[in-house]
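The values are calculated or read from the model by the stated rules, or taken from the named source; none is laboratory data. What you see is a predicted model; the values in this text were computed from it and never measured. Every residue, glycine among them, receives a Cβ derived from its backbone with ideal geometry; neighbour counts consider all protein chains shown.
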Amino acid sequence: MLVWIISWATPKCRDVVRILSEQMDHELPLMMRFRLRLHFSVCCWCERYMKQLHYIREAARRFPEHADEAGDPALSPEARFRLKHVLNSQ
Amino acid sequence: MNQPGAAPSSSVTAERPTTTIAPRRGRAQTNPERWVDEHGDCLFRYALVRVRRREVAEDLVQDTLLAAIRSREKFAGQSSERSWLTGILKHKISDHFRKLGRETSFTDLDSLADEFSEKFVPEGYWVHVKGPKEWKPESDEVMHRAEFWQTMRHCLDKLPERIANVFMLREMDEVESKEICSMLSISESNLWVMLHRARMALRECLEINWFNREK
């Protein structure tokens, strides 16, 4: 019964995931934040989704430093030579 | 003989590329060449993920290293050399997209199509078997592995170009939403939809290709 009430009173999962994404970019009103917490009490998937959004954010923030490990391609020998020539002419 | 793919602004016509070039000036000449050797590939690979075109990525790396030469006295060593160069590259990439945004319309109706509606039942709840799986191990353990970054790159490459641009401006360059809207002449609601699509797609791709992959 309580689960039913909470499901009725909080946004549906399809909307929650959209709202969680918006929350990554701007602060939500207090009431919405409260409704999300309430929703998580009956929906582990949405709570997991929120954690995974933060995971993706962390991975994206670290990606530039790890671009080297992300595989090919590399600078071509011609591009490398051209770069060095341009830099040395400064 | 001209090199294939030579940049228009360069007058170099080398017969055979060599690894080093005799410098003209006396002041710390080896740094720029060392930067190319030590950081060139990393900067290029990151630029290529962002702009998806080799020639543009090469130009951005060149602009980055030129800017670095001009400002090398300001580099006081608070971060690693690579972090510093990557920071300059991010600014160059932002400038590139700012210019692109003014020249072209940035919204793409096709890329706004809802590809994930089948994950939810009509009432709006997750289809049980399609809900997010648990991701293990934790990020610190995973983000040391080259294979993870290859997967991340693969997933980023799969995003539609405009959505990828917006996501990477927001998440990698950490540009504020309002500034992205101004740069690209898009509304905030368009931005949020595009970011939502990007995050859903990336989450799905990472789950399938990394966290839930066949071991």
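So, in the range A:66-76, how many residues would count as being assigned to a helix (DSSP H, G or I) and either in contact with a His (Cβ under 6 Å, 6 or more places away or on another chain) or surrounded by fewer than 21 Cβ atoms within 10 Å (Cβ to Cβ) (or both)?
2
Out of A:PHE34, A:PHE81, A:PHE63, report the one residue that is within 19 Å of B:TYR46 (Cα to Cα), assigned to a helix (DSSP H, G or I) and of a type in the set (Phe, Trp, Tyr).
Result of the check over A:PHE34, A:PHE81, A:PHE63: A:PHE63.
So, in the range B:71-87, of the ones that are more than 8 Å from chain A (Cβ to nearest Cβ) and part of a helix (DSSP H, G or I), which residue ends up surrounded by the most Cβ atoms within 10 Å (Cβ to Cβ)?
Of everything passing the filter in the range B:71-87, B:LEU85 is surrounded by the most Cβ atoms within 10 Å (Cβ to Cβ).
Report yes if B:SER11 is at pLDDT below 50, surrounded by fewer than 17 Cβ atoms within 10 Å (Cβ to Cβ) and more than 21 Å from A:PRO73 (Cα to Cα), otherwise no.
So B:SER11 passes the test.
Could you check B:GLU179 against (1) closer than 23 Å to B:LYS90 by Cβ; (2) in contact (Cβ under 8 Å) with a residue 40 or more places away in the chain and say which number it fails?
(2)
For (1) within 30 Å of A:VAL17 (Cβ to Cβ); (2) modelled with pLDDT of 80 or more; (3) in the same structural domain as B:ALA198 (by TED's automatic domain parsing), each residue gets a yes or a no:
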site	(1), (2), (3)
B:ALA57	no, yes, no
B:ILE93	yes, yes, no
B:ASP114	yes, no, yes
B:PHE120	yes, yes, yes
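Among the listed residues A:PHE34, A:PHE63, which satisfies the condition of being buried (at least 18 other Cβ atoms within 10 Å of the Cβ) and modelled with pLDDT of 90 or more?
A:PHE63
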